[in-house]
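The values are calculated or read from the model by the stated rules, or taken from the named source; none is laboratory data. What you are looking at is a predicted structure, and each value in this text was computed from that prediction instead of being measured. Methodologically, a virtual Cβ is constructed for each residue, glycine included, from the backbone with ideal geometry; neighbour enumeration extends over all protein chains shown. The area values use the complete protein model at the heavy-atom level, side chains included, leaving out ligands, DNA and RNA. Shrake-Rupley method; radii C 1.70, N 1.55, O 1.52, S 1.80 Å.
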Amino acid sequence: MPTKLPEELFDPHHHFIDTDGNSFQSFLKSCAGSLLYTPEEYEKDVKDSLASVGVKLSGSVHVEAMPDDGAEESAWVQDLITSGRCTTVKAIVGSVDLASPNAATDMAKLKSSSPLVRGVRWILDCAGPFDDGKTATHVATKRHDGIDYLRGGREDGTIGGYDGSIVPAFEAGFAKLADHELSFDLQCAPSQLLKAAELFKKYPNIPVVIDHLGKPRMVLGEDDPNNKNTIPDAEEIRVWRAGMKAMAALPHVFVKISMLGYAIPGWIRTSEREAVMKGLVRETIELFGPQRCMVATNWWANAAMSDADGLSKVGPDAVCLCEKFVSFFDGYSNVDLQRLFSGTAKCFYRISSSGDLEKWP
């Protein structure tokens, strides 16, 4: 079976950021301070690095980074492309608060901001009010702090709690994605996956991709030299596995194999941690099949942040990540490897060989 690096990688998940230069990134700046990551840096870190070992980066997808206005961010990315600063982006996933009463209008504005807009992401990771990164709740949910759009609906029409139904306003906005021919990037905590699957089952005409392996969190504990644990947290894995099985039963749901260091911070430090990581990746591929799985770099800032989102100070560079994926995928055919490294992503985001927009199958 093939063991060499792929000839092509299509990267379906990365970010450009300029919090000092963009007024639409004020929320992000309030959370993280001054951040700058440019197309030139991405091409150096990913495109040029991969080219040095014979891997062609054939394109990429820019994914929203918590902008105040999704259309403004998308227009900025389009300007980077038009000016020649960015040569890789073939599709854009923009930001729309689907629970907003203006969701349909915002989708129309997003689509008009760039012909490359393919989908929407609204970060949903919520296990309670934000607690400075100590739980699975993402800082992005401070925009609706403590409200879980996937589990916060109540029978009396009010909102609150974490064991209810989909918040009606969010479902109404989600349903409108079909009217605008937009896919949805799902980023949520494992405990939300089952409710998300219930929602997606009702809308088989809206393609969905799960970001970052479904985000199992620190299954071996912290990245600490004194932490020798190699046995995954049974409850975290049980919840994640149940959710991912429910998602895999829906043929219009795909998954990105990315941000592995969130699941196991420092997974590249030891062969034992890497073996557990490989097991999670292989399980995901076996659930969904290579035709619904795509590798991604999640690149921004540096290797550690791209890989672990602040949970570790180490992470694989683009070449190392590609090499690790190849080792994880041993036994898969050349056809399946092509799907994992490029084909699935191009299919999901409707990228044709000519660069034209393709209709969803």
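Leaving out ligands, DNA and RNA but keeping every protein chain, what accessible area does Leu311 have, in Å² rounded to the nearest 10, with a 1.4 Å probe?
50
Give the accessible area for Lys142 in Å² (nearest 10); use a 1.4 Å probe, count only protein heavy atoms, and leave out ligands, DNA and RNA.
100
Taking a 1.4 Å probe, which of Lys29, Lys195 shows the most accessible area, and what order do the others take after it? Before the final figure, lay out each step's value.
Details: Lys29 85, Lys195 55 Å².
Of Lys29, Lys195, the descending order of accessible area is Lys29, Lys195.
If you only keep lysine pairs separated by 8 or more in sequence, or across chains, how many in the range 253-361 come under 22 Å at the Cα atoms?
Pairs that pass both the separation and distance tests number 9.
Roughly how much of Tyr262 is accessible, in Å² to the nearest 10, using a 1.4 Å probe?
Here the accessible area works out near 20 Å².
Once the Cβ-Cβ distance between Ala51 and Lys142 is put in as r, and R0 is 30 Å, what FRET efficiency do you end up with, to the nearest 0.05?
Values: r = 39 Å, r/R0 = 1.30.
Once the sixth-power term is evaluated, E becomes 0.15.
Which value in Å is the Kirkwood Rh of the chain over different Cα pairs?
It is 20.4 Å.
Run the numbers on the chain and let me know its relative contact order in percent, using alpha-carbon pairs under 8 Å that are six or more apart.
On the way: 720 pairs, mean separation 61.7, N = 361.
The value is 17 percent.
Post the alpha-carbon centroid distance, the range 18-95 to the range 240-293, in whole angstrom.
Each part reduced to its Cα centre gives a spacing of 25 Å.
Run the accessible area of the chain with a 1.4 Å probe and give the carbon-and-sulfur part as a rounded percent. Mind showing how you got there, number by number?
Details: 7470 of 14470 Å².
With neighbouring chains kept in place, the figure for the chain is 52 percent.
Write down the percent of antiparallel bridges among all DSSP beta bridges whose residues are both part of the chain, to the nearest 5. Mind dumping the intermediate values first?
Numbers: 5 of 31 bridges.
Antiparallel bridges make up about 15 percent of those DSSP assigns within the chain.
Report, for the range 47-176, the % of DSSP beta bridges that are antiparallel, rounded to 5. Walk me through the numbers on the way to the answer.
Details: 2 of 10 bridges.
Roughly 20 percent of the beta bridges in the range 47-176 run antiparallel, per DSSP.
Please calculate how many Å² of accessible area the range 21-65 carries per residue, with a 1.4 Å probe and no DNA, RNA or ligand atoms counted. Don't skip to the answer; put the middle values down first.
Values: 1890 Å² over 45 residues.
Computed with neighbouring chains in place, this is 42 Å² per residue.
With springs only between Cα atoms under 10 Å, which of Asn227, Asn205, Asn302 fluctuates most in a Gaussian network model of the chain?
Asn227
Convert 37 °C to kelvin, take the viscosity as 0.692 mPa s, use the Kirkwood radius over C-alpha pairs of the range 249-315 as Rh, and evaluate the Stokes-Einstein diffusion coefficient in µm²/s, rounded to a whole number. Don't skip to the answer; put the middle values down first.
Values: Rh = 12.5 Å.
This corresponds to a translational diffusion coefficient of 263 µm²/s.
Working with all protein chains in place, sort Trp76, Trp299 by solvent-accessible area computed with a 1.4 Å probe, largest first.
Working: Trp76 45, Trp299 10 Å².
Reading off the accessible areas and sorting them downward yields Trp76, Trp299.
Might you tell me the accessible area per residue for the range 186-294, computed with a 1.4 Å probe and given in Å²? Please list the in-between numbers first.
Numbers: 4100 Å² over 109 residues.
Here the residues of the range 186-294 average 38 Å² of exposed surface.
So, R0 is 56 Å and r is the distance between the beta-carbons of Lys44 and Asp156; what FRET efficiency does that work out to, to 0.05?
Details: r = 54 Å, r/R0 = 0.97.
Efficiency for this residue pair is about 0.55.
Can you give the FRET efficiency for Asp179 and Ser352, using 1/(1 + (r/R0)^6), R0 = 25 Å, r = Cβ-Cβ distance, to the nearest 0.05?
Details: r = 23 Å, r/R0 = 0.91.
For Asp179 and Ser352, the calculated efficiency is 0.65.
Under a cut-off of 18 Å between alpha-carbon atoms, report the lysines in cross-link reach of Lys195, not counting same-chain residues fewer than 8 places apart.
Lys215, Lys245
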